[in-house]
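Take a look at the structure set out below.
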There are 2 protein chains.
Amino acid sequence: MTMLSRRTVLAAFLAIGLFGSVAIGAQAETQATDPLPSWNDGPTKQSILDFVAAVTKDGGPDYVAPAERIATFDNDGTLWIEQPIYTQFAFAIDRVKAMSNQHPEWKTQEPFASILKGDLKGLAASGEKGMVEIVAATHSGMTTTDFNKEVKEWLAIAKHPRFKVLYTDLVYQPMIELLDYLRANGFKTFIVSGGGVEFMRTFADKTYGVPPEQVIGSSGVTQYQMWDASPVLIKMPKVFFVDDGPGKPVGINTFIGRRPIFAFGNSDGDKEMLEWTAAGDGLRFMGIVHHTDAAREYAYDRDSSVGKLDKALDEGVAKGWTIADMKNDWKTIFPPAKSAP
Amino acid sequence: MTMLSRRTVLAAFLAIGLFGSVAIGAQAETQATDPLPSWNDGPTKQSILDFVAAVTKDGGPDYVAPAERIATFDNDGTLWIEQPIYTQFAFAIDRVKAMSNQHPEWKTQEPFASILKGDLKGLAASGEKGMVEIVAATHSGMTTTDFNKEVKEWLAIAKHPRFKVLYTDLVYQPMIELLDYLRANGFKTFIVSGGGVEFMRTFADKTYGVPPEQVIGSSGVTQYQMWDASPVLIKMPKVFFVDDGPGKPVGINTFIGRRPIFAFGNSDGDKEMLEWTAAGDGLRFMGIVHHTDAAREYAYDRDSSVGKLDKALDEGVAKGWTIADMKNDWKTIFPPAKSAP
């Protein structure tokens with residue numbers, strides 16, 4: 001919910017449909033002996049392998065007990081695609097269209113009128129206030145059960161405007177391998193994202209192998225009510241927690257209660273999570289996905305309105321964090337496509 | 001933090017020291033073949049054994065996949081002692097005394113003056129506002145790291161006024177066995193308590209085998225700050241989340257994201273958690289600890305200001321939930337004492 005109220009989303013919103021269709025990348029080669037076959041050999045991949053070897057070497061100077069092997073990952077732009085707009089925002093727009101029959105007043109009421117007319121400039125003109133209204137209209141007023149059902153149904157059919165496949169097919173294969181590799185080495189993997197926690201929980205388990213209780217995100221207030229002697233949780237149009245920027249270490253402390261030893265992000269919204277991870281005792285791994293591949297995915301950083309990477313990139317370079325260069329470090333981007341035409 | 005602001009705590013506070021010292025119960029007998037040796041044989045124990053057998057029987061009509069075997073436990077009065085006052089409240093009072101040298105103004109300023117004089121009636125007169133001030137003074141204004149250190153140091157030396165042992169020795173042996181038994185059967189055990197989440201996380205792993213990321217509780221707002229180029233989280237004097245009553249299903253949904261199939265509480269503050277658990281599909285277990293043993297622990301329910309059990313008891317009896325009668329169902333109350341004199 002809350003990420004949608006970011007000012008930066010406005011411009012991104014205008015970018016819908018600017019990109020043509022491009023064939024997705026080659027499928028991952030699999031090598032039985034290589035835990036990260038979709039990563040090209042080089043210093044980036046090696047920094048991951050070295051870190052895991054060091055913290056799992058029993059008796060070694062950098063050994064970390066399994067219970068403390070907490071790894072946190074941002075979602076949008078780190079585990080799956082976030083361009084041209086955050087997936088959850090695409091969901092909200094589609095929901096406005098789907099709900100418009102029950103809301104005849106939307107035909108003349110902004111920001112809904114602009115969405116229904118396909119007038120993206122008009123939508124952008126409604127500003128942050130408009131974004132909040134869209135989120136309130138589409139993410140509240142129903143039970144948590146009904147909301148989860150709506151998200152699942154949408155994810156099962158909605159296609160990405162450029163790649164023409166399901167959004168859950170546009171996860172990053174190298175990161176899926178990394179999640180698996182960490183778990184095989186005793187890590188507990190968490191998602192710590194600015195995206196809505198209930199939205200992500202509908203697919204994180206199946207898509208990433210991250211169960212609901214290990215997904216931390218932004219959330220709205222929910223209210224316990226009795227309907228026909230049966231308890232329900234109602235999603236209210238009020239922000240509960242914004243898991244972005246300085247909210248990420250706060251969320252990590254509140255929801256997990258341990259400091260990660262490994263964190264991966266891709267934008268300035270991950271800066272504080274990476275700093276918080278780095279500030280712990282002992283060996284730490286901080287990683288940033290740098291989107292450098294306009295041909296196979298997208299190329300953006302300092303000037304992007306979605307997933308802006310500026311201060312965190314400078315800090316990462318200065319402090320020697322691992323910068324995964326999508327174009328050079330990733331042999332393949334997406335998993336073998338299941339729903340591509 | 002928040003539980004301390006409850007009005008009902010006021011009266012309980014006056015009860016400090018009213019109870020004499022009584023020898024603690026007999027140590028648990030251990031039987032290799034009995035997973036719950038501290039539970040007397042009978043319908044209560046059998047209801048637990050039957051439920052676990054049913055949901056773990058592969059191919060059976062009530063089978064539940066391991067990932068969905070979520071069990072939630074209240075803490076105060078369910079897993080450890082809560083009389084004559086909540087342990088966290090005893091901590092807050094001791095912190096006021098320990099901090100008083102740095103606060104000369106407290107000698108004349110309520111509610112602190114009453115605590116320093118040992119005037120419990122004066123403290124009670126300061127009302128809910130006074131309680132909030134005590135919590136704000138003792139649970140905020142420091143880093144999370146420093147707070148955790150204070151709690152650990154206190155738990156290592158503070159003794160219960162009646163039993164004269166550490167508070168962590170006053171956990172319920174039958175419930176420890178139950179937690180172990182559930183985990184041995186593929187359950188993931190969570191604490192869902194009105195107590196402060198950071199307070200509980202300092203001992204829940206060692207004491208209950210519940211890691212920090214599986215402890216849900218009340219919490220205050222924390223703020224990310226840079227101190228000497230190092231990030232810290234500062235505990236602010238502001239409530240973030242109250243994990244009590246209807247807040248329990250809300251907390252379960254927000255922090256865990258799955259509905260429990262097994263829940264245990266002991267007071268009206270657990271009613272909604274038990275209802276939420278019961279309302280799921282398939283076989284469910286709802287349990288209530290009924291404190292009926294004044295000789296070995298305490299006897300209280302409908303009229304108690306701490307851990308009041310009234311509406312939840314009526315609902316539990318009416319709906320056939322398991323009521324664990326401490327006096328009759330528990331062979332022993334506390335684990336073999338480590339620090340008793």
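The values are calculated or read from the model by the stated rules, or taken from the named source; none is laboratory data. The structure presented is a predicted model; accordingly, all values stated were derived computationally and were not measured. Here the Cβ is made from the backbone with ideal geometry for all residues, glycine too, and neighbour counts use every protein chain on show. Side chains are part of the model used for accessible areas, which takes the heavy atoms of the whole protein and leaves out ligands, DNA and RNA. Shrake-Rupley method; radii C 1.70, N 1.55, O 1.52, S 1.80 Å.
Assorted remarks:
- Distance in nm between pseudo-label sites at A:THR56 and A:ALA229 (7 Å out along the Cβ direction from Cα): 5.4
- Potential lengthening between A:ARG302 and A:LYS129 on full extension [0.36 nm per residue; Cα-Cα distance subtracted]: 59.7 nm
- With the convex hull constructed from alpha-carbon coordinates only, region B:71-170 shows a mean projected area of 7.5 nm² over all directions.
- Taking the convex hull of Cα positions in chain B, its mean projected area over all directions (nm²): 18.1
- Hypothetical label at B:ASP325: residues of region B:265-299 whose amide nitrogen lies under 19 Å (7 Å Cα-Cβ projection): B:265-267, B:286-299
- With its label point defined 7 Å out from Cα along the Cα-to-Cβ axis, A:ASN328 lies at 7.5 nm from the matching points of the other copies, in increasing order.
- For A:ARG183, label point 7 Å along C-beta direction: distances to other copies, nm: 2.1
- Inter-chain shielding of B:244-257 (mean C-beta neighbours from other protein chains, 10 Å cut-off): 6
- Three-way shape label, the protein assembly as shown, alpha-carbon gyration tensor, a/c 1.5: prolate
- The calculated FRET efficiency for B:LYS238 paired with A:ASP281, based on their beta-carbon distance and R0 = 30 Å, is about 0.55.
- Axis-nearest residue in chain B [Cβ, rotation onto A], distance in whole Å: B:PHE255, 3
- Against the criterion of solvent-accessible heavy-atom surface with a 1.4 angstrom probe, A:LEU36, A:LEU116 sort, most first, into A:LEU116, A:LEU36.
- Helix A:87-99 vs. chain A, principal-axis angle (Cα, 0 to 90°, nearest 10): 20
- For A:ALA65 and A:ILE157, a Förster radius of 56 Å and the Cβ-Cβ distance give a FRET efficiency of 0.80, rounded to the nearest 0.05.
- Förster radius 45 Å - calculated FRET efficiency between A:LYS164 and B:ARG183 (Cβ-Cβ, nearest 0.05): 0.50
- Gyration tensor verdict on region B:113-247 (Cα atoms; rounded if a/c is under 1.5, prolate if a/b is larger than b/c, oblate otherwise): oblate
- Derived scalar couplings between HN and Hα for region B:243-251 equal 8, 8, x, x, x, 5, x, 4, x Hz in order, rounded to whole Hz, by the Karplus curve 6.51 cos²θ - 1.76 cosθ + 1.60 (θ = phi - 60°), x for Gly and Pro.
- Integer Hz, Karplus 6.51/-1.76/1.60 couplings in order for region B:324-335, x for Gly and Pro: 7, 8, 3, 5, 9, 8, 9, 5, 9, 9, 10, x
- Cα gyration tensor category, rounded, prolate or oblate, for region A:199-285 with a/c compared to 1.5: prolate
- Out-of-range pairs (alpha-carbon distance over 20 Å; input B:LYS152/B:LYS271; A:LYS152/A:LYS235; B:LYS308/B:LYS331; A:LYS45/A:LYS331): B:LYS152/B:LYS271; B:LYS308/B:LYS331
- Backbone HN-Hα couplings from phi across region A:128-144 [Karplus 6.51/-1.76/1.60, Hz, Gly and Pro as x]: 5, 4, x, 4, 4, 5, 5, 5, 4, 5, 9, 10, 8, x, 10, 6, 4
- Expected 222 nm ellipticity per residue - DSSP helices of 4 or more, -39500 (n - 2.57), all of chain B, to 500: -9500 deg cm²/dmol
- Gain on full stretching of the segment that runs from A:ALA295 to A:ASP41 - 0.36 nm per residue minus C-alpha separation: 89.4 nm
- Per-residue SASA remark: B:TYR63, around 90 Å² accessible (1.4 Å probe; ligands, DNA and RNA not included).
- Each copy carries a label point for A:LYS129 at 7 Å from Cα toward Cβ; from one copy, the others' points are 3.8 nm away, ordered from shortest.
- Estimated Rh, region A:195-341: Kirkwood, alpha-carbon pairs, angstrom: 17.5
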